[in-house]
Amino acid sequence: MSLAFLNKKSWHTATLKNAERVWKAEQKQKAEIRKMEQLRKEKEEERQIEELRRLQAASGLNIKTHGERVDWMYEGVHAQGPTSEEYLLGKKFEGNLDGEEDDVLKLENKKAVGSIYLNKKVNEDMEEKARMREDPLVQIMYREQQARASVLNNPVEMEKIKKKAKSMKALNKLRKKEKKKEKKKRKKEKKREKRLAKKNG
């Protein structure tokens, strides 16, 4: 008795569903390993940097660490206007000294509600990126790209798509052949009708 029916069972290892399940598990495990390796590298780098800082402090070097400051994140690339450091270095102040500041300047100097929006050091690039992130059409396009990439990276799905495409191609060929046959039949019938009309007429 043949055992060919076994590969049709749901528990058989050669079925497409089981192969896809195994492939997905392998991809998930590979991603997890890559993630753990990346985290390990980052921790190792941080540990080395901390060790170097400790050695510098022990040797008496007083080097400012730029990694601990975060105010650079709030200053834009296209920061306009002079900074306080430039004034300290000797830049001439050009402003109202007679005490008649307008409301905008008062808000800039205080930490009042809404004063953050009057800051001229706004990063236009960050605003553009935020607009792009919040745009629903961009999100839809991004999801479509992710879905397309997941299908292209899945060999089982690609196999199904190829089979479907082949069957559609074969079906289209059959339809074209049938249309050609119908055309030929119609032509033959028209010729026959013409011959009969000539004989009778």
Total formal charge among the other residues, if their Cβ is under 15 angstrom from that of LYS162, Lys/Arg +1 and Asp/Glu -1: +2
- prompt: Which net charge results when you count Lys and Arg as +1 and Asp and Glu as -1 among the other residues whose beta-carbon is under 12 Å from that of LYS28?
  reply: +3
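Lys and Arg at +1, Asp and Glu at -1: add these up for the other residues within a Cβ distance under 12 Å of ASN200 and post the number. Display every interim value, and only then the final one.
Values: positive: LYS194, ARG195, LYS198, LYS199; negative: GLU193.
Local net charge: +3.
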- prompt: Cα-based Rg (one decimal) and Dmax (whole number) for segment 140-201, in Å?
  reply: 24.0, 72
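No lab work stands behind these numbers, since they all come straight from the coordinates. Since we're looking at a predicted model, the values are computed, not measured. Using ideal geometry, Cβ is built from the backbone for each residue, glycine included, and neighbour counts are taken over all protein chains shown.
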